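Novice: First, the structure itself, so that you have it in front of you.
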Amino acid sequence: MTDEATPKSHNEHELIAFRIGEQEFCVNIMSVREIRGWTPATGIPHAPYFVLGVINLRGVVLPIIDLSARLGMRPVKPTDRHVIIVSQVATRSMGLLVDGVSDILTVSDTDIQTTQGMSREFDRSFTRGILAVEGRMICFIDLDALFSGSESEAA
Amino acid sequence: MDMNEIKEIFFQECEEQLAELETGLLAMNDGDCDPETVNAVFRAVHSIKGGAGAFALDELVAFAHVFETTLDCMRSNTLEPTPDVMKVMLRAADVLADLTIVSREGGSIDPSRCESLASELEALAKGEAEEKDAQCRSQIESSPSPETPDPAPAETMPDLAVTAVNAEETGFAPVPFSFDDFEDDAGAQTQTETANTVFRLVFRPHADLYTKGNEATLLLRDLVKHGETKIACDLSEVPLLDDLDPEGAYLSWTVLLTTAKSEDDIRAVFEFAEWDCDLTVGLDSEADPDSQADDDVGMQPVPFDLSVLDEVDDPSAEGGIVPEGGFEGPDDPLAAEAGQDGVNATAPEPANDIGTDARTAAIAAEVMKRNAGTDEAGTRDERTARSGGAAQTPVSQTIRVDLDRVDRLINLVGELVINQAMLSQTVVETDDGNAGSTIHLGLDELQQLTREIQDSVMAIRAQPVKPIFQRMSRTVREIADLTDKSVRLVTEGENTEVDKTVIDKLAEPLTHMIRNAVDHGLESPQERIAAGKNAEGVVRLAAKHRSGRIVIEIADDGAGIDRERVMQKAINQELISPDSNLSDEEIDNLIFHPGFSTAEKLSDISGRGVGMDVVKRSIQALGGRVSIHSQPGKGSTFTMSLPLTLAVLDGMVVSVANQTLVVPLTAIVETLQPEASHVHPFGSSQRLISIRNTFCPLIDVGQVLNFRSAETDPVESVALLVESEGGGQRALLVDGIQGQRQVVIKSLEANYMNVPGIAAATILGDGRVALILDVDAVVAASRDKPPRNDVPLAAAE
């Protein structure tokens with residue numbers, strides 16, 4: 001789980017915020033390994049719709065996930081301006097394709113508002129809550145929940 | 001180094017000892033009567049016992065002891081190595097191996113099996129050597145007997161190798177000792193009467209003593225504890241510095257020991273060094289060690305003071321002339337001289353009281369004299385040669401390295417190869433003609449070097465298949481016992497080397513196949529005799545290199561595959577339809593079908609229906625193939641062909657629907673440009689191509705992998721003729737060939753998952769990932785079902 005974030009005081013989270021289309025999302029900074037620009041990926045046969053392919057990350061074969069498609073939004077046509085967030089999910093590394101990284105946030109538990117009752121089932125399965133930051137709304141994504149089932153979905 | 005690390009080393013050594021034990025026993029089983037073989041076997045068991053004692057592994061010690069006792073009878077020629085005896089011995093070796101594993105990994109072993117073998121062994125020892133047996137018994141019953149005189153008083157030495165005597169001091173459980181100790185019980189009474197005797201010991205270590213981590217000074221120290229000693233060191237064999245082998249052994253010691261202990265007691269000190277030194281122990285009537293030594297050796301002995309060495313051993317005391325801890329130090333003259341200087345400085349008992357200069361001069365003279373004594377060296381060599389054995393002949397040096405380190409090195413070299421390829425490609429691409437030949441020359445050299453580095457690194461991981469073949473001999477024994485068959489295992493090419501990863505994964509399928517060969521392949525002895533064959537069945541296990549792969553054959557001389565029965569079974573199990581018309585080869589291959597088993601009754605050995613298909617899958621997972629060749633009445637041969645390494649692969653780089661793929665070169669028989677007149681439609685969707693008038697199916701790789709939905713025009717494509725596992729040929733259609741290169745295999749599963757039709761990934765010269773085609777899977781996919789109707793993959797550009 002992403003709870004292993006180093007709490008500065010108790011229950012504080014450090015998050016990386018990024019944009020996909022019009023929306024902002026964030027993930028726990030502890031699961032992010034690095035952020036890099038888009039490089040063309042090699043397609044994989046029989047891959048699920050949200051897997052763009054694999055790239056070479058210093059000798060490691062890294063699958064690239066179109067996060068927009070994975071979240072049920074419109075698939076992205078990657079360009080040089082897109083960014084890959086290299087993340088660790090459970091034992092695997094993967095690259096998340098997003099439009100751009102916007103912020104690093106430090107929030108406490110109390111800042112996270114529950115999405116209970118306002119979201120559809122699909123969204124709730126991977127959101128840990130929403131944050132209000134300077135008038136913007138940022139959706140806190142739980143990567144483990146998002147990709148724990150991806151294996152079976154993909155197969 | 002904590003206790004667990006030492007213990008781990010002990011178990012690693014146990015593995016080696018067990019291997020040696022088995023090799024020796026098998027050699028004896030085949031009629032090798034060389035006493036050195038018996039000795040080697042005895043030594044192996046003895047070392048395991050000694051080490052196990054230090055770690056208080058009582059079960060292991062107890063069994064090893066009984067085993068050792070019986071082997072000792074054999075060593076002293078009171079027990080003949082008849083086939084029956086050897087059978088018990090081999091089974092005992094199996095139990096000993098099991099006990100070692102249990103001690104290492106926990107768990108338990110059926111005690112009755114242990115006991116019954118132990119009693120069998122005892123019976124052997126008893127039957128052939130009455131009086132020896134009496135000793136063994138008393139020993140087993142009284143194991144760590146309290147009245148055993150403690151050979152080592154409380155004085156402690158902290159930095160010690162695990163020798164049996166020292167084990168007692170370092171607070172380990174007491175070591176049940178070999179007979180020698182127990183004879184003390186008897187000897188103890190006489191000791192009081194005989195009071196102090198003076199023994200004269202001449203101790204001349206061989207180089208092997210030091211190689212095995214023993215240390216002469218430690219032995220001498222142990223000796224000192226047994227009584228009052230006078231020790232003289234003989235420097236006469238020390239050659240001039242130029243001729244000095246730094247790892248040789250040149251010193252010998254004459255010790256006059258005044259003690260109340262028995263001779264056996266004193267010999268026990270040298271228990272673990274006994275094969276690596278010349279040791280004479282005798283009674284001495286004259287009490288003056290110096291004059292005695294003078295007379296005998298005919299030269300000046302050097303009085304030898306152990307307390308000096310104690311100081312030198314302390315790394316802080318002396319400038320590190322002597323290897324610290326005294327562990328690996330073969331006695332070199334430097335050490336001896338350091339000792340000498342020490343003597344002069346502290347000199348508690350300079351028996352030959354000569355001044356420093358005179359003494360040094362004397363030593364120098366001695367050394368000079370020795371230099372002439374090449375014949376002496378000659379006899380020593382001869383002695384080394386005579387003592388023979390695997391360990392004695394010039395040993396190639398080995399070190400133990402953590403496998404992780406090797407793997408990291410291999411990964412790094414893999415990166416280097418990729419980087420080098422990327423660099424070369426960049427240079428070629430940006431070459432405007434001015435770069436000049438020096439850069440290209442340099443790049444060529446770099447390429448050659450990286451290739452060589454890669455080969456050398458791979459060689460580190462290459463291991464002979466011997467250990468795994470040896471394990472099979474045990475499997476054969478066990479299955480033969482269970483099935484009441486008489487089986488001989490013949491192995492060939494056990495020194496064939498293959499990558500460690502391959503070896504590790506080979507054990508399981510090989511065990512399955514060997515079991516199968518004995519259980520299903522060979523007939524019962526009665527049936528064999530009825531068929532006019534030798535009652536003893538032969539299973540042949542052979543390994544060899546063939547065109548960059550390792551080929552392993554498991555052949556039995558049994559009845560061969562009963563094709564009618566296989567057919568019937570397959571029909572009963574609804575694997576094939578009753579009216580299908582199969583070739584012999586196809587019928588044979590049915591046994592690889594999941595869920596197929598011909599065994600009439602299910603046994604523990606094989607026949608749970610999980611045998612051969614599992615074998616086939618695990619071999620395929622290694623990038624290997626398995627095929628079967630059977631002749632009724634003459635036997636069956638299973639042939640496995642495996643890549644030598646799982647880290648690199650020679651591949652052909654091809655393009656398919658704008659994607660770059662790598663096809664393993666070993667799969668490709670030939671490449672050709674199809675002509676329109678050679679392509680014939682066949683049925684609804686298939687196409688065949690005729691190659692020199694034989695037809696073979698065309699497979700569009702792009703379609704199978706779902707890269708495109710439309711069929712390609714064969715004339716515009718290149719056909720790769722591949723050999724698929726059944727032996728049949730298929731033509732794979734690709735758009736074009738880019739080249740041929742060695743690629744480093746990268747796991748796709750580590751971060752993603754297994755992809756049908758794709759074996760792995762690699763990184764090409766441009767830094768991009770390319771997928772490696774799994775030819776057999778592609779062939780299977782094209783045969784089993786029409787291409788999937790998923791949405792074609794969006795070009796990820």
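Novice: Using the structure shown, list the pairs from B:K533/B:K634; B:K500/B:K544; B:K466/B:K616; B:K485/B:K533; B:K505/B:K616 with a Cα-Cα distance above 20 Å, or answer none.
Specialist: Over 20 Å Cα-Cα: B:K466/B:K616.
Novice: Still on this structure: Would you mind calculating the relative contact order of segment B:403-463 from Cα pairs under 8 angstrom and at least 6 residues apart, reporting the percent as a whole number? Can you show the working numbers first?
Specialist: On the way: 22 pairs, mean separation 38.4, N = 61.
That works out to 63 percent.
Novice: For B:M89, A:M73, A:M94, which order do you get if you count the other beta carbons within 10 Å of each Cβ and list the fewest first? Don't skip to the end; give the middle numbers.
Specialist: Working: B:M89 26, A:M73 14, A:M94 23.
Exposure proxy ranking, most exposed first: A:M73, A:M94, B:M89.
Novice: Moving to a separate point now. Using only the alpha-carbon atoms, what does segment B:403-463 span along each of its principal axes? Please give whole angstrom values in decreasing order.
Specialist: Principal extents (largest minus smallest coordinate, Cα): 46, 15, 12 Å.
Novice: Right, another one. Compute the FRET efficiency between B:M458 and B:N196 as 1/(1 + (r/R0)^6), taking r as their Cβ-Cβ distance and R0 = 51 Å, and round to the nearest 0.05. Before the final figure, lay out the partial values.
Specialist: Numbers: r = 64 Å, r/R0 = 1.25.
Efficiency at R0 = 51 Å is approximately 0.20.
Novice: Same structure, new question: Could you work out the Kirkwood radius for segment B:1-143, taking every pair of different alpha carbons, averaging 1/r and inverting it, reported in Å?
Specialist: 15.2 Å
Novice: If one computes the Cα centroid of segment B:82-112 and of segment B:197-249, what distance in Å separates the two points?
Specialist: Taking the Cα centre of each part, segment B:82-112 and segment B:197-249 sit 37 Å apart.
Novice: Based on the Cα gyration tensor of segment B:548-592, what are the three equivalent ellipsoid semi-axes, each the root of five times an eigenvalue, rounded to whole Å and given largest first?
Specialist: They are 25, 13, 9 Å, listed largest first.
Novice: Counting only other chains, and only Cβ atoms inside 10 Å, what mean value do you get across the residues of B:766-775?
Specialist: Rounded to a whole number, the mean comes out at 4.
Novice: Now a separate question. Taking the Cα atoms of segment A:2-146, what is the range of coordinates along each of the three principal axes, in descending order and whole Å?
Specialist: Principal extents (Cα only, largest first): 43, 31, 26 Å.
Novice: So how do B:676-682, B:628-634 stack up, highest first, on mean other-Cβ count within 10 Å?
Specialist: Peptide ranking by packing, descending: B:628-634, B:676-682.
Novice: Just the Cα atoms of segment B:408-513: what Rg and Dmax do they give in Å?
Specialist: Spelled out, the Cα radius of gyration and Dmax of segment B:408-513 are 23.2, 78 Å.
Novice: Please report B:F63, B:F270 as a ranked list, fewest other C-beta atoms within 10 angstrom at the top and most at the bottom.
Specialist: In increasing order of surrounding Cβ atoms, one gets B:F270, B:F63.
Novice: Kirkwood hydrodynamic radius (Cα pairs, Å) of segment B:608-665?
Specialist: This gives a value of 14.1 Å.
Novice: Could you list A:I16, B:I699 in order of exposure, starting from the residue whose Cβ has the fewest other Cβ atoms within 10 Å?
Specialist: A:I16, B:I699
Novice: According to the Cα gyration tensor, what semi-axes, each the square root of 5 times an eigenvalue, does the equivalent ellipsoid of segment B:465-643 have, listed from largest to smallest in whole Å?
Specialist: In descending order the semi-axes read 25, 21, 14 Å.
Novice: What distance in nm separates the simple spin-label points at B:E13 and B:L582, each placed 7 Å from Cα in the Cβ direction?
Specialist: Rounded to a tenth, the inter-label distance reads 5.4 nm.
Novice: Report the full-extension gain for the segment B:E247 to B:L665: residue separation times 0.36 nm, less the Cα-Cα distance, to one decimal in nm.
Specialist: 145.7 nm
Novice: Starting from 0.36 nm per residue, how many nanometres of slack lie between B:D766 and B:N77 once their C-alpha separation is accounted for?
Specialist: 241.0 nm
Novice: Separate question: What whole-number volume per residue, in cubic angstrom, does the convex hull of the C-alpha atoms of segment B:648-784 give? Could the numbers behind the result be given before it?
Specialist: On the way: hull volume 15.4 nm³, N = 137.
Cα-based convex hull of segment B:648-784, divided per residue, equals 113 Å³.
Novice: Could you grab the relative contact order for segment B:1-143? Cα pairs under 8 Å, six or more apart, rounded to a whole percent. Working shown, then result.
Specialist: Numbers: 127 pairs, mean separation 35.0, N = 143.
Averaging sequence separation for qualifying contacts and normalising by length gives 24 percent for segment B:1-143.
Bear in mind these aren't lab numbers, they're just calculated from the coordinates by the rules spelled out. All values derive from a computational prediction rather than experimental measurement. Cβ: placed from backbone, ideal geometry, glycine included. Neighbour counts: every protein chain shown.
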